[in-house]
Amino acid sequence: MLFGLAYLFLTHTSSGPEVSGGLVKNAMRNEKEKINSDGVSGLKRFWRKPPRLPPRLSPDEKGGKNSFGHEAENPSSRLKWVSRQQKVRDSFIHAWSGYKKYAMGYDELMPLSHHGVDGLGGLGATVVDALDTAIIMGADEIVSEAGSWIETQLLDRIKHKGQVNLFETTIRVLGGLLSAYHLSGGDGGMKLTRNGPKPAVYLDIARDLADRLLSAFTASPTSVPYSDVILRDSSAHPAPGGLSSTSEVSTLQLEFNYLSMVSGDPKYSLEAMKVLEHLKTLPKVEGLVPIYISPHSGQFSGENIRLGSRGDSYYEYLLKVWLHQGGSQNTNMTYLYDMYSEAMKGVHNRLVRKSVPNGLVFVGELPYGSNGAFSPKMDHLVCFLPGTLALGATKGKTKEKAMKDNLLTFEDLENLKLAEDLMHTCFQMYSVTSTGLAPEIAYFHTEEYSEEGLDGGNKTSKYLSDIIIKHADRHNLLRPETVESLLFLYRITEDPKYREWGWQIFEAFENYTKVDTGGYSSLDDVTHIPPQRRDKMETFFLGETLKYLYLLFSDSDVIPLDKFIFNTEAHPLPIKGAVRSS
Ligand code: DMJ
């Protein structure tokens, strides 16, 4: 690992031109049929449960050696991936060039009309979201441009802007600043760049921002924060309907905890952790929670349970906050792992099914709670789950190492198996369409549910009739979740197929979303060629999608999974005590 970090440092500190054509600068439950044939859930199903058998392992896996011969170490294969990694870096530079030309300082680029738009409160979200990706890729010029904009403009924006969403601002802006702080040398970090301002500049701005965001916690009558903050006067109020999203109130703690660690002021962590401590006390369905919560009563609202929008990162942060605070070394945080572990059992028992005819494993929804009907709907957002499950199983180690050290429990193996099955399904959500890009939402054909004439359009796909794509769900917003999980699955299992899948997805983004004048566009319909473009480049394309692809093609010791935790916007934060430059 030391070699990898040193390599990264050395290759990231020269200040050559950014686009170089030559030298590359950086180097279940299989045993259990999940289809509930009579559509009955709850008690009846409980009685029918077969015994839990361990997932099957291949002879290679049992032997503790992976079956792929460490293809990453083969020199010609290594060159191939280094060159592919360079292509991702070129795309990042192309995306930034469009943003810089037409939208510098706005939240997002409208790549077709050549405008900028402030959809996230006007803090230049693309600049901050993209910064640590530029640092990791060694895109020095972009680090300078983004760093200098942040140093000269961002504090003033924070002092004068109006309403922002607590969650979006925390994960994108606060998370981006904190990650840039560490990666540029703050907190004993690696100093991956000499460009941009001193690390303390990022930290000071992060503190000013967080001081204002804290009002969302302190203004609420319960430990559940309000969803919106008025930055200029540090006031806060609930969302129009009065409710907060469960995922939003539970996806703040990595950032606030890290800020407390590096600033020495515990107030950020104290407020943020009160939310999780409170959530621990609320009633759940096998660890699964409704997607809304009231800051007034502190109770969940409604019964809608899903791991897609408004639910997703609740589950992600239970695991990641625990790992970030030292995992099993930190007994004060055990309740988080327990909540995560119970929830994943709930996912297995209540939400996992198989499609017909080809048995794709998917995670559906319970829109009317535990006693209501199951919906075979899966948001693309759910594709964060394979990565989280794999991370939770090995705690960031390779599967080979974890098995050799005898660290995997039955539950870990079961979760790893589910991770691999879901990863396959998420990839098929891309391959089944004409463009090779996934829709925002897919439905799965089951014994109880089918619809004709709504396939993805790729007639060569085996899964054409397993995956149903409704007209209203056919858009693609350049989302990261599948490539995010591919990174985790590749690094943990070391199976090269995950890299190949990532490359296919990257090529589809290049073919259909690249805009000649700079930037990348969202699409209206992934099942139709040529797809109609949408005039928006989301900040997470630079903050997450391209970063995860770049890391998927990099050596595994670049931002290693057992030393860093990615926040839900892909901003890596060092695990407590795990990363020091000396
Ligand atoms: C990102 O802002 C985050 O990953 C969030 O948790 C979910 N949605 C988007 C990307 O799709």
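No lab work stands behind these numbers, since they all come straight from the coordinates. What you see is a predicted model; the values in this text were computed from it and never measured. Here Cβ is always computed from backbone atoms with ideal geometry, including for glycine, and neighbour counts include all displayed protein chains.
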Students often check this: by mean Cβ neighbours within 10 Å, which of 370-377, 307-314, 553-560 ranks highest, and how do the rest follow?
307-314, 553-560, 370-377
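Can you pull a Stokes-Einstein diffusion coefficient for region 274-315 at 37 °C (0.692 mPa s), Rh from Kirkwood over Cα pairs, as a whole number of µm²/s? Mind showing how you got there, number by number?
Numbers: Rh = 10.6 Å.
Approximately 309 µm²/s, per Stokes-Einstein.
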Cut-off 20 Å, label 7 Å out along Cα→Cβ of residue 208, residues of region 224-266 by amide N
229-236, 256, 259-260, 262-265
Mind giving me the FRET efficiency for residue 277 and residue 448? R0 is 35 Å, r the Cβ-Cβ distance, nearest 0.05 is fine.
0.35
In the calculated pair distance distribution of region 387-536, what percentage of Cα-Cα distances lie above 24 Å?
40
For the chain, count the residues as N, evaluate 2.2 N^0.38 Å, and divide the Cα radius of gyration by that value, please.
0.91
Debye log10 I(q)/I(0) for region 480-537, one point scatterer per Cα, at q = 0.13, 0.14, 0.28 Å⁻¹
-0.42, -0.47, -1.08
Going toward the positive end of the dipole of the chain, with +1 on Lys and Arg Cβ and -1 on Asp and Glu Cβ, which of 105, 372, 578 do you reach last?
578
